[in-house]
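Shown next, in structure tokens, is the structure this report addresses.
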Amino acid sequence: MKAAVVVFPGINRERDMARTLALVSGVAPAMVWHADTALPPGTDLVVIPGGFSYGDYLRCGAIAARSPIMEAVRAHAAKGGLTLGVCNGFQILCEAGLLPGVLMRNARLRFICRDVYLRVEHSDSPFTRGYNGGQVIRVPVAHGEGNYIADADTIVRLEGEGRVLFRYCSPEGDLDPAWNVNGATNAIAGIVGERGNVLGMMPHPENHVEAALGVTDGRGLFAGLVEALKRAA
Amino acid sequence: MKARVTVTLKTGILDPQGKAIEGALRSLGLAGVASVRQGKVFDIEIEGSDPAKAEALLKQAADRLLANTVIENYRVDVLG
């Protein structure tokens, strides 16, 4: 798997992401600077990591979404290339118009940094093929603006087309408002675009892949991508 | 030319920051505040002297960057 991690000023999770990609796929990703205008030839997966691009100035992800490299990311996604945005990366994909909706301030206004439980809605996606539908995974979140909203028509379409891949839930997989950490509409934690090849999610699966940390629930996402690419090849 | 772009949240979009400010104003004892919505103001200097051109330029700026039109409205005022 040839992955490329896009680096913007103010991003701080790019090394976690690179470490995970190297660990799970066996190949170190290319690090691509925001001012570049092209991705390395043959890139299979583009990852926009988490952090605070441009200090969250204007709106989270707004300025990064307009930087030169994003034209190349847009072209990669348009031809069906796998694209993953985590945390600030999700915000950037929304601001760039590659995913619908907006990540608003957390409903309780606090920055939340802790493990959450996610229900994997189905495994019929390159991003979730490493899991079973209905499986509950534990991964961390670290964000102040993760409260997903979109207009009512968009939510109906996302739900109807099976484009919600992850929801905040209880350890048993129940959708209870008490476990919806940021107040997101329908407890949405991660969605894919119309063609299913662009995933944005607030939680950080890249931080739960090594046994030394006690939890490896994030590994399935990356292992599933490696597998999906192998099958496609 | 001076101009101002005002960006406000659309009706129906929850504004927890505005709500918190509203609560703080109440706790200051300022009676009569019914509700608060927080927005943004951009003061922009424009080259040239054609107000119509300036307005068109600022509309583009607002559509493409200053506002996220999924959740925000904007208003452009060319002040001359």
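The values are calculated or read from the model by the stated rules, or taken from the named source; none is laboratory data. These numbers were taken from a predicted model, which means no experiment stands behind them. FYI the Cβ positions are ideal-geometry reconstructions off the backbone, even for glycines, and counts take in every protein chain you see. Ligands, DNA and RNA are excluded from the accessible area calculation, which covers all protein heavy atoms including side chains. Shrake-Rupley method; radii C 1.70, N 1.55, O 1.52, S 1.80 Å.
Hey, does region A:83-96 have a residue that's within 14 Å of chain B (Cβ to nearest Cβ), open to solvent by 10 Å² or more (accessible area, probe 1.4 Å), among the acidic types (Asp, Glu) and not in a strand (DSSP E or B)?
Checked region A:83-96: at least one residue is within 14 Å of chain B (Cβ to nearest Cβ), open to solvent by 10 Å² or more (accessible area, probe 1.4 Å), among the acidic types (Asp, Glu) and not in a strand (DSSP E or B).
If A:LEU23 passes every condition in (1) among the hydrophobic types (A, V, I, L, M, F, W, C); (2) touching a helix residue (DSSP H, G or I) at 6+ places or on another chain (Cβ under 6 Å); (3) within 17 Å of A:GLU206 (Cβ to Cβ) but one, which one does it miss?
(2)
Please go through region B:30-80 and pick out each residue that is open to solvent by 90 Å² or more (accessible area, probe 1.4 Å), within 14 Å of another protein chain (Cβ to nearest Cβ) and outside any loop (DSSP other than H, G, I, E, B).
Across region B:30-80, the qualifying residues are B:GLN60, B:ARG64.
Collect the residues in region A:1-29 that are open to solvent by 30 Å² or more (accessible area, probe 1.4 Å) and either within 13 Å of A:VAL73 (Cβ to Cβ) or in a loop (DSSP other than H, G, I, E, B) (or both), keeping them in residue-number order.
Listed by number, the residues that qualify are A:MET1, A:LYS2, A:PRO9, A:GLY10, A:ASN12, A:ARG13, A:GLY26, A:VAL27, A:ALA28.
Could you please find all residues in region A:137-165 being of a type in the set (Val, Ile, Thr) and either outside any strand (DSSP E or B) or surrounded by fewer than 17 Cβ atoms within 10 Å (Cβ to Cβ) (or both)?
Residues satisfying the conditions are A:THR154, A:ILE155, A:VAL156.
If you go through region B:5-25 one residue at a time, do you hit one that is more than 14 Å from chain A (Cβ to nearest Cβ), at negative phi and either open to solvent by 80 Å² or more (accessible area, probe 1.4 Å) or basic (Lys, Arg) (or both)?
Checked region B:5-25: no residue is more than 14 Å from chain A (Cβ to nearest Cβ), at negative phi and either open to solvent by 80 Å² or more (accessible area, probe 1.4 Å) or basic (Lys, Arg) (or both).
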